[in-house]
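The values are calculated or read from the model by the stated rules, or taken from the named source; none is laboratory data. Everything numeric in this text was worked out from a predicted model, so none of it was measured. Cβ atoms come from the backbone with ideal geometry, glycine included; neighbour counts cover every protein chain shown.
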Amino acid sequence: MNNFKYIILITAVVFSFSTSAQEKFSMEDVVSRALTQSPAFKQAETRKENRYWQYRYFKTNYNPQLRMSSNNAGSLYNNSFTPVRQPDGSIRYLPLNQLNPGVNFGLQQPIQWTGGMIYVNSTYNYFNNITDDTRQWNGAPFNIFVNQPLFAFNPYKWDRKIEPIRYEESKREYAESMEQISSEAVGAFFNVLQAQINSQIAKFNLANNDTIYKIEQGRYNIGTTSQDKLLQVELQLLRSRQDVAQADLDLQTASLQLRTFIGLRNNERFDLNLPDAIPQFDITEEEALQFARQNRAAFIAFERRKIEAEQAVAQARGERYQVGLTASYGTNNVGGALGDLYQNPARQQMANVTFNVPLVDWGRRKALMRTAIANKRLNDYVIAQDEVTFEQEIVTQVRQFEMLRLQIEITKKADEVAQQRYMVAQNRYLIGKIDITNLNIALNEKDTAKRSYIEALKSFWTAYYDLRRLTLYDFAGKRLLYLAD
């Protein structure tokens with residue numbers, strides 16, 4: 001019995017040494033840090049901002065644009081010799097010194113319902129022949145120009161259907177990425193926890209095997225055990241030392257990976273608390289599917305993909321013929337001063353119809369149209385299959401979740417039983433009722449049961465955050481993880 005007390009004392013010292021002077025982290029602490037300071041979180045935030053500004057850029061396509069541009073007829077300033085043809089046909093090079101600036105103020109507004117464009121312009125040009133001091137203004141104080149394609153593809157119409165859905169997808173994808181980060185943080189947390197438990201088990205086993213080796217040495221010296229058993233215990237002790245070294249290395253590696261993932265920059269040691277508390281809630285397949293259809297980005301992406309296929313067909317149909325109408329109305333004038341342009345200006349009118357209609361193209365445009373229709377039909381089949389996969393993934397996750405909850409209860413009970421069995425086997429070994437082989441069997445079963453329990457916890461919590469990601473709903477807290485603006 002004194003030997004048994006010696007084992008317990010060494011075990012307590014090992015555990016106190018391995019857990020002292022370390023900061024304690026719970027699983028919630030690790031997830032919280034990952035969602036606020038991890039590199040994955042910063043990347044998700046950047047993608048969210050990028051997609052927001054992409055959507056803002058899209059919306060500006062439908063707003064009027066006021067622009068100012070240069071409108072120089074040739075060069076702004078020209079001082080050179082230029083060839084001038086004379087009445088007799090000869091060429092004479094004369095000096096040229098001219099200033100010819102111009103500016104255009106334009107307001108353009110797309111016609112989103114028809115795909116056309118309206119321009120309102122004011123153009124001013126100034127000419128100054130510095131050689132003979134000739135000055136003149138020319139311009140169009142007012143001009144309205146309309147460009148309207150006929151029977152053509154209207155990108156404004158389709159973008160108004162697609163881009164809001166795409167932006168909504170990006171917001172839901174951001175919420176899903178937060179849950180993905182949480183799931184990965186849980187995985188990294190349990191990797192360290194498993195390494196931490198393995199390290200404690202290895203040190204516990206080393207202390208026990210060292211004590212058992214000393215006991216076997218005493219028994220061998222008095223002739224109550226064989227040399228074969230002594231060598232077996234010594235071999236077990238050497239393996240325990242190797243296990244401790246490997247477990248410490250695995251713990252350092254897993255800790256570094258966790259530290260990197262959650263964005264820790266300091267090198268302080270930390271210890272992880274085992275998340276024994278399991279949330280209790282009921283979940284049905286119908287409820288999970290309802291939240292998934294309501295919240296997931298993939299579900300509204302089905303609608304967006306269908307519209308994009310229809311857009312491709314409309315674009316192929318609109319490219320069969322190219323017919324356009326352009327018209328303009330305005331005023332223009334010439335004068336010695338800028339104000340003269342507004343004195344009795346002359347009207348300036350223009351209308352034009354352009355067309356490009358294939359007469360014989362050997363079925364080229366028909367093939368283009370049929371290809372777009374076939375692609376749309378294929379896209380419909382793919383989306384239908386993706387919808388089935390979407391639902392199957394959620395149903396499978398729900399069914400697996402309930403099984404994992406039961407697995408935790410079983411492995412936890414098995415861990416307790418294996419611990420008790422080992423204590424009994426240890427006591428029986430100390431009084432000589434069983435040999436070292438049976439004690440090692442009990443030891444291995446104890447270690448396996450502990451590792452199985454930790455693995456079951458890891459599987460449960462990973463599945464829990466995966467379920468949150470797949471539905472964007474917190475079933476434990478009964479709250480939505482995504483709320484539309």
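Being loosely packed, with under 15 Cβ neighbours inside 10 Å, within 39 Å of the chain's Cα centre (by Cα), touching a residue at least 12 places away in the same chain (Cβ under 8 Å) and more than 30 Å from ALA40 (Cβ to Cβ) narrows it down to one of THR131, THR82, THR114, so name that one. I'd like the intermediate steps shown before the answer.
Details: THR131 fails: within 39 Å of the chain's Cα centre (by Cα); THR82 fails: within 39 Å of the chain's Cα centre (by Cα).
Every option except THR114 fails the conditions.
Just a yes or no: is a residue in segment 464-473 within 30 Å of PRO164 (Cβ to Cβ), assigned to a loop (DSSP other than H, G, I, E, B) and in contact with a Leu (Cβ under 7 Å, 6 or more places away or on another chain)? Even if it seems obvious, please write down each step before you answer.
Our first condition is that a residue be within 30 Å of PRO164 (Cβ to Cβ); within segment 464-473, this holds for 465-473.
Okay, now just the ones that are also assigned to a loop (DSSP other than H, G, I, E, B), so 472.
Subsequent filtering for residues that are in contact with a Leu (Cβ under 7 Å, 6 or more places away or on another chain) retains 472.
Yes; the residues of segment 464-473 include at least one that is within 30 Å of PRO164 (Cβ to Cβ), assigned to a loop (DSSP other than H, G, I, E, B) and in contact with a Leu (Cβ under 7 Å, 6 or more places away or on another chain).
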Pick from segment 173-219 the residues that are under 22 Å from SER38 (Cα atoms) and charged (D, E, K, R): which of them is surrounded by the fewest Cβ atoms within 10 Å (Cβ to Cβ)? GLU184
Enumerate the pairs (first residue in segment 242-253 and small (Gly, Ala, Ser); second residue anywhere and part of a helix (DSSP H, G or I)) with beta-carbon separation below 6 Å, excluding pairs fewer than 6 apart on the same chain, so at least 6 apart or on different chains. ALA247/ASN198; ALA247/SER199; ALA247/ALA202
Got at least one residue in segment 404-414 being modelled with pLDDT of 85 or more, crowded, with 16+ Cβ neighbours inside 10 Å and among the small types (Gly, Ala, Ser)? yes
Test each condition in (1) at pLDDT below 90; (2) outside any strand (DSSP E or B) for PRO141 and report the one that comes out false. (2)
GLU268 versus (1) modelled with pLDDT of 80 or more; (2) out of contact with any Phe, Trp or Tyr (no Cβ under 8 Å at 6 or more places or on another chain); (3) farther than 25 Å from ASP447 by Cβ: which is the lone unmet condition? (1)
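Let's see how each residue does on (1) in contact with a Pro (Cβ under 7 Å, 6 or more places away or on another chain); (2) among the acidic types (Asp, Glu); (3) surrounded by fewer than 20 Cβ atoms within 10 Å (Cβ to Cβ); (4) within 28 Å of GLU168 (Cβ to Cβ):
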site: TYR381; (1), (2), (3), (4): no, no, yes, yes
site: VAL388; (1), (2), (3), (4): no, no, yes, yes
site: VAL395; (1), (2), (3), (4): no, no, yes, yes
site: LEU430; (1), (2), (3), (4): no, no, yes, no
site: ILE434; (1), (2), (3), (4): no, no, yes, no
site: ALA476; (1), (2), (3), (4): yes, no, yes, yes
site: LEU481; (1), (2), (3), (4): no, no, yes, yes
site: ALA484; (1), (2), (3), (4): no, no, yes, yes
Residues of segment 256-304 being closer than 23 Å to LYS42 by Cα, hydrophobic (A, V, I, L, M, F, W, C) and within 19 Å of the chain's Cα centre (by Cα), which ones? PHE261, ILE262, ALA297, ALA298
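Here's the yes/no breakdown for (1) among the hydroxyl-bearing types (Ser, Thr, Tyr); (2) under 35 Å from the mean Cα position of the chain (by Cα):
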| site | (1), (2) |
| --- | --- |
| ALA346 | no, no |
| MET350 | no, no |
| ALA372 | no, yes |
| TYR381 | yes, yes |
| THR396 | yes, yes |
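Of these, ALA288, ALA245, which one is under 25 Å from ALA476 (Cβ atoms) and small (Gly, Ala, Ser)?
Details: ALA245 fails: under 25 Å from ALA476 (Cβ atoms).
Only one candidate qualifies: ALA288.
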Within segment 201-210, is there a residue that is over 29 Å from PHE190 (Cβ atoms) and of a type outside the set (A, V, I, L, M, F, W, C)? yes
